[in-house]
Structure formats: structure tokens, C-alpha cells
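Have a look at the structure below, then the notes.
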Amino acid sequence: MAIIEVKGVRKGFDGLHVLKGIDFSIEKGEVVCLIGPSGSGKSTMLRCINLLEDIDAGKIVVLGQDISEIRDINAYRSKVGMVFQQFNLFNNMNVLDNCTLAQKRVLKRSEEDAKKIAMEHLLKVGMVDFANAYPSTLSGGQKQRVAIARALCMDPEILLFDEPTSALDPEMVGEVLNVIRQLADEDMTMLIVTHEMAFARDVADKVVFMDGGIVLEEGRPDDIFNHPKNERTRQFLARII
Amino acid sequence: MSLSKCFEILGKYYPSFLLGVRTTLIVAFIGTFIGFLIGLFVGGIRAIRPDKTARSSSVIFKKIVDIFIKIYVEVFRGTPMMVQAVFIYYLVYTNIVRWDKMFAAIFVISINTGAYMAEIIRSGIQAVDPGQNEAARSLGMSSMQTMMDVILPQAIKNAFPAIGNELIVNIKDSSVLMIISITELMFQSNSIAGTTYRFTETYFVTAMIYLCLTSLSSVVLNAIEKRLNNTKTSLPQSDTSFKSISIAKEDL
């Protein structure tokens, strides 16, 4: 059963049509990479799935439920983790508190449980030594790994990544991609907007190529990268690789 | 004006001056603190943007509340505190209850400061990166939880210099509250000057006392601000437990 089904989704901002009928689906445990030029609506698509934006037409079904009909949006969002390009760690608290806050507030976990779970995930992303550090003292790659741990603490059914490495120095990209790769090995369901083509080819079960608000091509990474059918896909990949 | 006369007045009337200082500080500190709480509440409400998913009834309610807040801020910033003090004091005194002057003074300075604080807090909130809000909401936190745990602490830190400034303004501007004859520094000075007929010397002493109070406050406020900005030091270092993967283009 598909964990996310996107059907004919349209979305505009003040007359500008960003999504013009998007269809794709994600199975449980699948890693889907969303690629395409800037302004093609990839990030908007992610934000719609997290209900940070609402859609004008079409349907998004997550875990068998039409998300436009969800009453308890906060409970839904806690199941759909999101990792942002700009990390967005809470600047007023240290790494550990960043990871425990929503656990305590949303999942009503005890301080002790929340800390234990946070430390497990910080260990997984290699940031356990920085539990007491404040975000302003961390490098970009470290911040992003904490942001991933923070999302994992909510036990999400799926993780959405919005260009997780685009704001990083080149040498820090690897440490973040390694964490994502590790999650892929653990069969975490993930939807990743990325410009890291080598990573997408390596880690994705499916690649979706978007341009101008529509899906032009989707398929296995090998097919998309080595035998693209669509002319626009071919152009895009030729320019980027 | 003779300086020796100044010292003479200070020496003779220091108990009166001290009482004035005490009252001034009480009114200024409590007024700033309550004003700050009003500002947090009002500024916080002002900064809330209804969700796209909010019901239309709550959107309309928010708009009405916003109008009332705007009127409050405009009225109290747009009229002199001296006028507010006499008007509110007598309004309540003659129509509702014969209230204590000190209580009236603190009441007036609090709501007056609240109007300024509301704007200070609102701009402090707007200076917080919108990504902070999105991150908290994406984790499932409600808008109220997000405001209390994530946005306001950062907004207060952003706005701290302006908040401290309000305290200094209040130490000086509480002098206008003499109009309802509370025993603050200006009121005391007037009576001392009236007794001694040494107006220049008395008010020189008064000015010096005000200057001492405000300078001391700035020193303390600066120290607090420094502490707020002092983030815990733990220098970033590369984590060697993760090997960088190659993302060379030749891979493709």
C-alpha cells in the first residue's frame, strides 16, 4: 500500500501556478528523490504534504487518509517529519532540548523518556557529544544532523527533506548524506528534494523529475539518469552532470 | 548657584530626597515590569497570524481584538502620561472608588508602558526567523506552544535593549506623576524648593540624583545584556566518525 499518494495536486500563489497537477506515490520503506530545476515546485510539493501550505485542487492521501480532512493537524504533522534547507534549530535552546521539546509537548513523553530517546537518535547521527551545545556554535553539517535527529525523535512514519544539503559547505555535504543513507538502510520512508544527483542515483528507489509544476518523468534511478526518455530531463541532467 | 548650598540642601533634606528616590524606583520598576507583562500579552496576540486552517469565526475575532489593541496603543502613546495620570486618577476617584494615589500611579505608568512594550515585543517577534515557527509547527507543536517555547524567548532577547530603555525612560518620566501628588522624587523636590526658596540648587540636586539612578540602571542593563548574548562556548569541530562520501560527478 502506498504510504503517500499525490493525485492531481494544483497549487498557486496569487495567480502564479506553481503546481499544475502532480501525481506520484511513495510505498512504505521507499526512498523517493524529487529532482528538477529551481522554481519547478519541488519544495512547494513537500510543504503541501506537511500542511505548511494547503492545496487548491487534487488530493494527497497519507497513510490511507485524505489530509485535507484531517482534524488534528498537529498530531498529523508529528507523524510526518520535515528537515529544512536552513536547519531551523531552535536558537534559544541547546541540542538536547531541541530534540526533547516536541516529544514532551506533542507526544507527552516524560522528561526522562524524551531525553533517552533524544540521546539514542543523537548517537545515530553522531552528535551525542554536542548534546549541551547551542546551535550557534555548530557547523552547518552538525546543525542539519541535529535537525534530522530532532525529526526522528517524533517516530515519524515518513521524513520529508527539503534540499537538506543546499545550504552546506561542500565538505559538510557528505556527513549529512551519510546519515540519510543510513536511514535508507533502515528502511525509513523518505521523500527527498535534492540537487545531489550522485546521491539520488545511489540511494533512491525512485526518482521523480519535476519541471514547471508537473512531473515530466519518474522511474528507477538507473532509467532516469542513464536512459532519460523526456527531452527536458535529458537537457537538465546534461547541464547538471 | 553655589555648590556648597547644594550640599547643604542635600545634607539637610536627604531623608526627603531618599523617600522620593524610593517612591520613584518603586513606581518605575513595578510599572516597567507590569508594562512588560502587558506588552508580552498584547504584543504576542498582535503577532499571531491565524492559520490557513483556522475557522473564519476565529479569524474575525482576531481582527476585532487587533482593532482594540491598535486603539489602546494609539491612545496611550498619543497622549501625555501626565494627562493620563490626572484623567484616570480623577475618573476612578470620583466615579468608582477612592483609590490610593500610589496604586493609581503604578496603574497609569503600567498601562502607559504596556502600550510601548506591545510594539517592542511585536517587532521582537517579527525579527525571529519564520523558519523557527515552521520547524516547531512541522514537529506538531500548536501555535500557542510554539509562541511560548520558541518564539517569545527569542523575541525577548531580541528586544532586550529596547525593554531596558523603557525602564530608564520610566525612572525619568515618573516625575510627571507628581501631578497626582505621590511622594516621588520630583514631588519631594518641589516641596524642598518651596521650603528653602533655593530653586536652582534644589533642582540641581534633583537632576544629579536622576542622573545617578539612570546611569546605574544602564550599567546593570548592559551587564544583563552581555550575559544574554553570551552563548555557551563549545567550539564546532569536525566529527571524524563519519567519512565523507564522494559525490564526484564522474560517479554518474
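The values are calculated or read from the model by the stated rules, or taken from the named source; none is laboratory data. Treat the numbers as computed from the prediction; the structure is a model and nothing was measured. Cβ sites come from the backbone with ideal geometry, for glycine too, and all protein chains shown count toward neighbours.
Let me spell it out: the conditions are (1) closer than 30 Å to B:Arg137 by Cβ; (2) touching a residue at least 12 places away in the same chain (Cβ under 8 Å), and B:Ile64 meets all of them except one. Which number is the exception?
All conditions are met except number (2).
State which residue is farthest from A:Leu160 (Cα to Cα) when the search covers only segment A:95-119 and only residues that are in a loop (DSSP other than H, G, I, E, B) and either more than 7 Å from chain B (Cβ to nearest Cβ) or aromatic (Phe, Trp, Tyr) (or both).
The qualifying residue farthest from A:Leu160 (Cα to Cα) is A:Ser110.
If A:Pro228 satisfies every condition in (1) touching a strand residue (DSSP E or B) at 6+ places or on another chain (Cβ under 6 Å); (2) not in a helix (DSSP H, G or I) but one, which is the exception?
It is condition (1) that A:Pro228 fails.
Please work out if A:Ile70 is of a type in the set (A, V, I, L, M, F, W, C) and within 14 Å of chain B (Cβ to nearest Cβ).
When the stated conditions are applied, A:Ile70 passes them.
Using the structure shown, decide if B:Met147 is within 14 Å of another protein chain (Cβ to nearest Cβ) and either surrounded by 14 or more Cβ atoms within 10 Å (Cβ to Cβ) or part of a helix (DSSP H, G or I) (or both).
Working: within 14 Å of another protein chain (Cβ to nearest Cβ): yes; either surrounded by 14 or more Cβ atoms within 10 Å (Cβ to Cβ) or part of a helix (DSSP H, G or I) (or both): yes.
Yes; evaluated as a whole, the condition is true for this residue.
Out of segment A:173-199, which residues are more than 10 Å from chain B (Cβ to nearest Cβ) and either touching a residue at least 60 places away in the same chain (Cβ under 8 Å) or assigned to a strand (DSSP E or B) (or both)?
Matches in segment A:173-199: A:Ala184, A:Asp187, A:Met188, A:Thr189, A:Met190, A:Leu191, A:Ile192, A:Val193, A:Thr194, A:His195.
From B:Ala159, B:Ala135, grab the single residue that is within 14 Å of chain A (Cβ to nearest Cβ), within 26 Å of A:Leu51 (Cβ to Cβ) and surrounded by 19 or more Cβ atoms within 10 Å (Cβ to Cβ).
The unique qualifying residue is B:Ala135.
With respect to A:Leu89, is the statement that it is outside any helix (DSSP H, G or I), more than 7 Å from chain B (Cβ to nearest Cβ) and modelled with pLDDT of 95 or more true?
Yes; evaluated as a whole, the condition is true for this residue.
Please determine whether any residue of segment A:135-153 is at pLDDT 90 or above, assigned to a strand (DSSP E or B) and charged (D, E, K, R). Steps first, please.
Here is the first cut: in segment A:135-153, the residues at pLDDT 90 or above are A:135-153.
Then keep just the ones that are assigned to a strand (DSSP E or B); that gives none.
Within segment A:135-153, not a single residue is at pLDDT 90 or above, assigned to a strand (DSSP E or B) and charged (D, E, K, R).
Sort through A:Ile35, A:Ile3 and tell me the only one that's touching a Ser or Thr at 6+ places or on another chain (Cβ under 8 Å), surrounded by fewer than 20 Cβ atoms within 10 Å (Cβ to Cβ) and not aromatic (Phe, Trp, Tyr).
Answer to the check: A:Ile3.
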